[in-house]
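The values are calculated or read from the model by the stated rules, or taken from the named source; none is laboratory data. Given the structure is predicted, the values throughout are model-derived calculations rather than measurements. Using ideal geometry, Cβ is built from the backbone for each residue, glycine included, and neighbour counts are taken over all protein chains shown. The accessibility values were calculated without ligands, DNA or RNA, using every heavy atom of the protein model including side chains. Shrake-Rupley method; radii C 1.70, N 1.55, O 1.52, S 1.80 Å.
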Amino acid sequence: MSNPRIVVTGIGASSPIGGTAPESWSALLAGASGARTLEYDWVEQYNLPVTFAAQAAVRPDTVLERPVAKRLDPSSQFALVAALEAWADAGSPEVDPERLGVDFATGIGGLWTLLDAWDTLREKGPRRVLPMTVPMLMPNAAAGNLSLHFGARAYARTVASACASSTESIVNAVEHLRDGLADVVIAGGTESVIHPVTIASFASMQALSKRNESPETASRPGSIDRDGFVMGEGAAVLILETEEHAKARGAKIYAAVVGGGVTADSYHITANDPEGWGAARAVKLALDMADASPDDVTHINAHATSTPVGDPNEYVALHHVFGDRIGEIPVSATKASTGHLLGGTGALEAIFTVLALRDRVAPPTINITEQDPAVPFLISGEPKPLGEGPQLAISNSFGFGGHNAVAAFASV
């Protein structure tokens, strides 16, 4: 079977640092932070130990028409907003509905809908629970609604692999396109779970930063004084298609998705393997699919959540693959600016990786006060030029459950 080249022809994002993909990219290059104090009564009501998060810069229900927004959980609202942008950016491709697919992801799904319905049931009784509650809370709601909106009939598949979810959905999309299941795929991920339950839970496991007095500096991947991640929300979408299909319709091409790797640690339900072999294997699989070697990689968007344990473990994994050359490859840890979008983070960082290749610049990593010797990446607080010639970049995502997913992108 032939392996057609898969390319990115459209991008869309709703993130903590911008309501669109271009706005998010510009803010990232400028060193912006999306983290801010939460202005909700429930923060004080529940005496939450963490009082900030990286909320989306633009609420999705202010973008969508009200009747549409009311039928969707915020996670699906974000997904539709990002998909509409990506679809328009791709030139609204004319494609046979049976050749249009959806590979989408979320880490948790419609949490707000679920817990709001539970409150309604307890306080007002079963007759007041909305009939659309289950279709709004189910993890596949975003994929299903995108399929309905765009008329995608090839398939509509959902990945739920925690924080690796949307990178895995991109890898799946590449495989599905190469296998001939579709000509065009809407790929990406979404999350909207900045909620007292999730904040309390993550804080209880000591995973969140507690820099309540300085939210904008709280996410500091690779810094010796990091103390946890910052929860974010939003969605990101990439329109992927075979290069042949894209060129036949005269589409602009951002970059090629040339490889992907998905593995499992089988180590611990929340901690990644400190020896990093599962993550390293995912990188190697992505490079093998790309028919590339570690020496070809010119940029890395690291998972780098800003947790004390996770950042060094990722370095160990990458050192298995690249050896001492890892210290020569420009690395960006963009969660320093955006926070951690959980199931949506991989797709957002894939867009940042694609734009890094297009503009030949590695985006900055903000908030590093002193780089941890245990995380000796080539990382910078300023944008770093990538130089001339062919560029190959990888974007890493790792999630609870031992999920590892890596996507490889090449300049065009």
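Take the alpha carbon gyration tensor of region 260-330, find the square roots of its eigenvalues, order them as a ≥ b ≥ c, and report rounded if a/c is under 1.5; if not, report prolate when a/b exceeds b/c, else oblate. Oblate. Placing +1 on each Lys and Arg Cβ and -1 on each Asp and Glu Cβ, with no other charges, gives the chain a dipole about its Cα centre of roughly 860 debye.
Only protein heavy atoms count here; on that basis, with a 1.4 Å probe, Asp288 has an accessible area of about 110 Å². Only protein heavy atoms count here; under a 1.4 Å probe, Arg178 has an accessible surface of about 40 Å². Probing with 1.4 Å while keeping every protein chain in the model, the per residue accessible area of region 1-149 equals 50 Å².
Rounded to the nearest 20 debye, the dipole size of region 202-338 about its Cα centre is 340 debye, using +1 on the Cβ of Lys and Arg and -1 on the Cβ of Asp and Glu.
For region 173-276, just say rounded, prolate or oblate: build the C-alpha gyration tensor, square-root its eigenvalues into a ≥ b ≥ c, call rounded for a/c under 1.5, and beyond that prolate if a/b exceeds b/c, oblate if not. Because a/c hits 1.5 or more and a/b exceeds b/c, region 173-276 counts as prolate.
Nearest 0.05, what FRET efficiency do Glu39 and Asn3 give at R0 = 51 Å with Cβ-Cβ as r? The partial results should precede the final answer.
Values: r = 50 Å, r/R0 = 0.99.
For R0 = 51 Å, the calculated efficiency reads 0.50.
Where a ≥ b ≥ c are the square roots of the eigenvalues of the C-alpha gyration tensor, would you call the chain rounded, which needs a/c under 1.5, or, failing that, prolate if a/b is larger than b/c, or oblate? Oblate. Expressed as a whole percent, the accessible surface of region 342-401 that belongs to carbon and sulfur atoms is 54, based on a 1.4 Å probe. Modelled spin labels at Arg153 and Glu213, positioned 7 Å past Cα toward Cβ, are 6.2 nm from each other.
Normalised per residue, the accessible area of region 269-320 is 40 Å², obtained with a 1.4 Å probe and no contribution from ligands, DNA or RNA.
What's the FRET efficiency of Tyr267 with Arg127 using the Cβ-Cβ distance as r and R₀ = 35 Å, to the nearest 0.05?
Calculated transfer efficiency: 0.15.
Entry note, the chain: the mean residue ellipticity at 222 nm calculated from DSSP H runs of n ≥ 4, each adding -39500 (n - 2.57), is -10000 deg cm²/dmol after division by the residues and rounding to the nearest 500. Projecting the Cα atoms of Gly278, Ala248, Leu208 onto the charge dipole of region 202-285, computed from C-beta unit charges around the Cα centre, puts Ala248 farthest toward the positive end.
Just give me a number: lysine pairs in the chain, eight or more positions apart or cross-chain, with C-alpha atoms less than 29 Å apart.
Working: Lys70/Lys124; Lys210/Lys335; Lys252/Lys335; Lys252/Lys384; Lys284/Lys335; Lys284/Lys384; Lys335/Lys384.
Here the count comes out as 7.
About its Cα centre, the dipole of region 95-160 is roughly 220 debye, where the only charges are +1 on Lys and Arg Cβ and -1 on Asp and Glu Cβ.
Place +1 on the Cβ of every Lys and Arg and -1 on the Cβ of every Asp and Glu in region 21-113, take the dipole about the Cα centre, and give the residue among Leu48, Trp87, Ser75 whose Cα lies farthest towards its positive end. The one lying farthest along the dipole's positive direction is Leu48.
Over the Cα atoms of region 1-57, the radius of gyration divided by the Kirkwood radius equals 1.27; this is the Rg/Rh ratio.
Separation of region 355-376 and region 85-113, taken as the distance between their Cα centroids, equals 30 angstrom.
The residue list Pro363, Gly228, Thr20 was ranked by how far each Cα lies along the charge dipole of the chain toward its positive end, using unit charges on Cβ atoms, and Thr20 comes out on top.
How large is the accessible surface per residue of region 163-204, computed with a 1.4 Å probe and reported in Å² as a whole number? Don't jump to the answer; show the numbers that get you there.
Working: 850 Å² over 42 residues.
Heavy-atom SASA per residue in region 163-204 reads 20 Å².
A DSSP coil position with no more than 12 other Cβ atoms inside 10 Å describes the following GluC sites (Glu not before Pro) in region 334-412: Glu370, Glu388.
Ignoring ligands, DNA and RNA, what percent of the accessible area of region 259-317 is carbon or sulfur (1.4 Å)?
56 percent
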